[in-house]
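Here is the structure we will look at.
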Amino acid sequence: MLVRPAQAADAEPIREIYNLEVVESTVTFDLVPRSHDQQREWLAAHSGAHPAIVAVDDGEVVGFGSLSPYKDRPAYSTTVEDSVYVRRDRRTRGVGRLLLGELLTLATTHGFHSVIARIVGDHEASIALHRSCGFELVGTEREVGRKFGRWLDVVELQRLL
Ligand SMILES: CC(C)(COP(=O)(O)OP(=O)(O)OC[C@H]1O[C@@H](n2cnc3c(N)ncnc32)[C@H](O)[C@@H]1OP(=O)(O)O)[C@@H](O)C(=O)NCCC(=O)NCCS
């Protein structure tokens with residue numbers, strides 16, 4: 001298993017992994033699948049201190065992760081928000097942990113002070129992944145999202161670097 005910066009050629013496998021969650025789950029609050037052009041724009045926006053990375057096994061992208069700005073206002077610029085997605089047939093084998101570990105290393109290298117994860121309330125796998133990488137619960141935003149006719153809570157976890 002190799003973890004490396006994402007490249008333009010990774011757009012399609014990333015899009016496949018992501019869009020399945022858009023249409024079938026509440027782990028992302030996007031409601032409409034990404035087009036190829038939107039995925040390429042997303043990749044172009046994730047470089048430098050806000051990178052996208054992929055986990056590659058035997059030449060196949062099996063997961064990806066990213067760091068994004070937490071909020072626009074300048075005083076938040078020392079905080080980033082992470083995101084990790086693992087292909088469904090490769091879960092619970094350490095890929096998520098590998099990706100999140102690398103994102104934490106990159107966030108430290110780029111001098112960030114704080115990493116935030118915002119996770120749909122009942123998502124035990126993502127909460128467990130973040131806890132296992134040293135994140136602690138900050139709090140719960142109740143019923144801030146709505147998808148598939150359900151109100152959705154968001155739990156916020158944080159790790160100070
Ligand atoms: C969340 C996700 C990235 C975890 O990836 P993964 O490769 O399966 O996770 P790992 O195998 O590295 O496991 C990491 C930890 O989480 C725990 N975990 C993983 N899946 C779990 C589950 N379904 N239930 C409970 N704990 C789980 C593991 O036991 C492990 O804990 P440990 O380090 O204490 O042993 C994966 O489930 C996923 O892609 N989900 C859909 C996308 C998503 O929700 N992303 C997060 C958006 S906020």
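The values are calculated or read from the model by the stated rules, or taken from the named source; none is laboratory data. All values derive from a computational prediction rather than experimental measurement. Positions of Cβ are generated from backbone atoms using ideal geometry, with glycine treated the same way; all protein chains shown enter the neighbour counts. To get the accessible areas, we keep the full protein, side chains included, count just its heavy atoms, and leave off ligands, DNA and RNA. Shrake-Rupley method; radii C 1.70, N 1.55, O 1.52, S 1.80 Å.
Listed values, structure above:
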| read-out | value |
| --- | --- |
| Whole-number accessible area per residue in Å² for the stretch 2-160, which is evaluated in the context of all protein chains at 1.4 Å | 54 Å² |
| Percent carbon-and-sulfur accessible area, the stretch 2-160, ignoring ligands, DNA and RNA, probe 1.4 Å | 50 percent |
| Among Arg15, Arg118, Arg146: highest mean-square fluctuation, GNM of the chain, C-alpha pairs under 10 Å | Arg146 |
| FRET efficiency, 1/(1 + (r/R0)^6) with R0 35 Å, evaluated for Arg97 and Glu24 via beta carbons | 0.90 |
| Net length gained if the chain between Val32 and Ala75 were fully extended (0.36 nm per residue, minus Cα distance) | 12.3 nm |
| Candidates Gly65, Gly101, Gly149, ranked by Gaussian network fluctuation over the chain, Cα under 10 Å, top entry | Gly149 |
| Arg88 paired with Asp57, simple spin-label distance in nm, labels 7 Å along Cα-to-beta-carbon | 1.6 nm |
| Label-point gap, in nm, between Thr108 and Gln7 - each point 7 angstrom along Cα→Cβ | 2.8 nm |
| Pairwise label distance in nanometres, Ala125 with Ser68, each label 7 Å out on the Cα-Cβ vector | 1.9 nm |
| Computed [θ] at 222 nm, deg cm²/dmol, the chain (DSSP H ≥ 4; -39,500 (n - 2.57); rounded to nearest 500) | -9500 deg cm²/dmol |
| Two-decimal Rg/Rh across the chain, once Rg and the Kirkwood Rh are taken from alpha-carbon atoms | 0.93 |
| Farthest toward positive dipole pole in the stretch 56-161 [+1 Lys/Arg, -1 Asp/Glu at C-beta], among Ala75, Val154, Ile127 | Val154 |
| Length added when fully stretched, Ser47-Thr140, from 0.36 nm per residue minus Cα-Cα | 30.5 nm |
